[in-house]
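Chemist: Sharing a structure with you now.
The values are calculated or read from the model by the stated rules, or taken from the named source; none is laboratory data. This is a predicted model, so every value here is computed, not measured. We place every Cβ from the backbone using ideal geometry, glycine too, and count neighbours over all the protein chains shown.
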Amino acid sequence: MSKTIFTPVRGMKDLYGIDFNKYKYIIDTAIKIANKYGYSTIETPIVENTEVFQRSIGDDTDVVSKEMYTFKDKGDESITLRPEGTAGVMRAIVSNNMVVSNNLPLKLMYYGPMFRYDRPQKGRYRQFHQLGFESIGAKSPYTDAINIALANEILTSVGIFDCQVYINSLGDLSSRENYLKAIVKYFSIYEDKLSEDSKIRLKKNPLRILDSKDQNDKEICLMAPKISDYLNKNDIKYFECVCETLEKCGIKYVIDNLLVRGLDYYSHTIFELKISNGQYKDAIGGGGRYDGLLKLLGGPDVSGIGFAIGMERLMMLLDENKFQQQEYIVSVIPVSDKEIDNAFELYKTILSNNIRAEFVHIGNNLSKKVEIASKLNSTILLIIGEEEVKNNTITITYMNKSEEARRNKTIDRNNIVGFLKYN
Ligand code: AMP
């Protein structure tokens, strides 16, 4: 199809109909669960100063170096459409001075569109939506396990039970420094075989080679040293406690030594949730601990952990049939223009009683109007003709797929609201 002004921007799509119903259902469910765990909701701007992302996510990550929608505004400021939610939430915590010593842990939830200049394919878009959770100020393996349990609970609450949790630990700064030395040594041996991007990463940020999408790099990574062999004693103890706590919560997990996640700000526990039925290979959600992030953005030195779930990937897994519009829809139909005002009064009465209704008054004759009401998926028609106005009644037609099976009945107009509510 050739591109016109009606073609959406590549990798972006409209959200409506069944998909919108799914989106709303997930968000409504997540808000209820978030309240239970003590989270409140935050909405940050869709654009931030570019530096917010460069500083927190890291200049050498794919997200910052290749995928950001960055442009100059009319005031010549470099701004970026947010590629993820955490950096903006951390910036908001600092801007609004949200951390005071006695209000920790601070728990915030967000949802909304994110933008990455990624290669569009199934489950990968340039505008997508995330649902995210951030918990600031409680550094404990229990908090990490609770975050994983929370992510898992959101998925199971919307009916996804075959999700597998993958976890790993990146340890603290000292563990990561030792690990870095080991991987620099290892990748230097294969430098000639690495992709051009990874050659640069080797100089600037070697850990990022581990999330290279290049097939050749991926093979070299398989034999690379594992972070688990470089964790110090405290990190090992911490990670063991996370695992034990997950077991206490009844959550099955797999330790994935190759998991590093593509953003610079992570430390200690990192995790991803994937579908184990083979339907989809990429992660539905993921997150981890980011102890230095708030400080990096000019805030207090307080630890944090969070995760995000990709809405489109989750929506894809939900059963379409459950989200069909199955509501009961009332259509009010004047037989001719003579009854239009009288029928309009009825329509307003029905709406003011919070009952979904349509006012079907366009169409040359009654059968045309019934046809329109049927296309609107009406379940009940309220027909007002000359007789009905005279007798203060309403003729009710129950819509049915076959015309023969349609049933009529006449009721007193004064009883209509009760009739619609309790029938
Ligand atoms: P990340 O912020 O990279 O940790 O991603 C968290 C989740 O967001 C992923 O597990 C995906 O479900 C979703 N996600 C990330 N990038 C995309 C994308 N380009 N299109 C759709 N979903 C995405």
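Chemist: Look through segment 269-313, keep the residues that are within 9 Å of the ligand (Cβ to nearest atom) and assigned to a helix (DSSP H, G or I), and return whichever of them is surrounded by the most Cβ atoms within 10 Å (Cβ to Cβ).
Modeler: Per the stated criteria, the residue is Met311.
Chemist: For segment 335-354, enumerate the residues that are within 17 Å of Thr397 (Cα to Cα) and within 41 Å of the chain's Cα centre (by Cα).
Modeler: Within segment 335-354, Leu346, Tyr347, Ile350 qualify.
Chemist: Does segment 260-273 hold any residues that are modelled with pLDDT under 95 and within 20 Å of the chain's Cα centre (by Cα), and which are they?
Modeler: Arg261, Gly262, Leu263, listed by residue number.
Chemist: Continuing with the same structure: For the structure I just gave you, tell me whether Leu246 is closer than 22 Å to Asp144 by Cβ, at pLDDT below 95 and not aromatic (Phe, Trp, Tyr).
Modeler: The answer is no for Leu246.
Chemist: Please go through segment 57-74 and give me each residue that is of a type outside the set (Asp, Glu) and surrounded by fewer than 18 Cβ atoms within 10 Å (Cβ to Cβ), ordered by number.
Modeler: Lys66, Tyr69, Thr70, Phe71, Lys72, Lys74
Chemist: Among the helices (runs of 4 or more DSSP H) contained in segment 193-256, which hold 3 or more residues that are hydrophobic (A, V, I, L, M, F, W, C) and touching a Ser or Thr at 6+ places or on another chain (Cβ under 9 Å)?
Modeler: In segment 193-256, the matching helices (runs of 4 or more DSSP H) lie at 233-248.
Chemist: Moving on to the next point. Does segment 61-93 hold any residues that are more than 15 Å from the ligand (Cβ to nearest atom) and either of a type in the set (D, E, K, R) or at pLDDT below 95 (or both), and which are they?
Modeler: Passing the criteria: Lys72, Asp73, Lys74, Asp76, Glu77, Arg91.
Chemist: For Glu312, work out the one condition from (1) modelled with pLDDT under 95; (2) more than 20 Å from Ile146 (Cα to Cα); (3) acidic (Asp, Glu) it doesn't fulfil.
Modeler: Going through the list (1) modelled with pLDDT under 95; (2) more than 20 Å from Ile146 (Cα to Cα); (3) acidic (Asp, Glu), Glu312 breaks only (1).
Chemist: If you don't mind, another one. Before we move on, is Asp118 more than 21 Å from Ser267 (Cα to Cα), of a type in the set (Asp, Glu) and either crowded, with 19+ Cβ neighbours inside 10 Å or within 16 Å of the ligand (Cβ to nearest atom) (or both)?
Modeler: The answer is yes for Asp118.
Chemist: Can you run down the residue pairs with Cβ atoms below 7 Å, 6 or more apart or on separate chains, where the first is in segment 1-18 and under 13 Å from Phe115 (Cβ atoms) and assigned by TED's automatic domain parsing to the domain that holds Arg116 and the partner is outside any loop (DSSP other than H, G, I, E, B) and modelled with pLDDT of 95 or more?
Modeler: Gly11/Gln127; Met12/Gln127
Chemist: Residue by residue through segment 160-215, note down the ones that are under 30 Å from Thr29 (Cβ atoms) and surrounded by fewer than 19 Cβ atoms within 10 Å (Cβ to Cβ).
Modeler: Once the filter is applied, which keeps residues that are under 30 Å from Thr29 (Cβ atoms) and surrounded by fewer than 19 Cβ atoms within 10 Å (Cβ to Cβ), segment 160-215 yields Ile160, Phe161, Asp162, Gln164, Tyr166.
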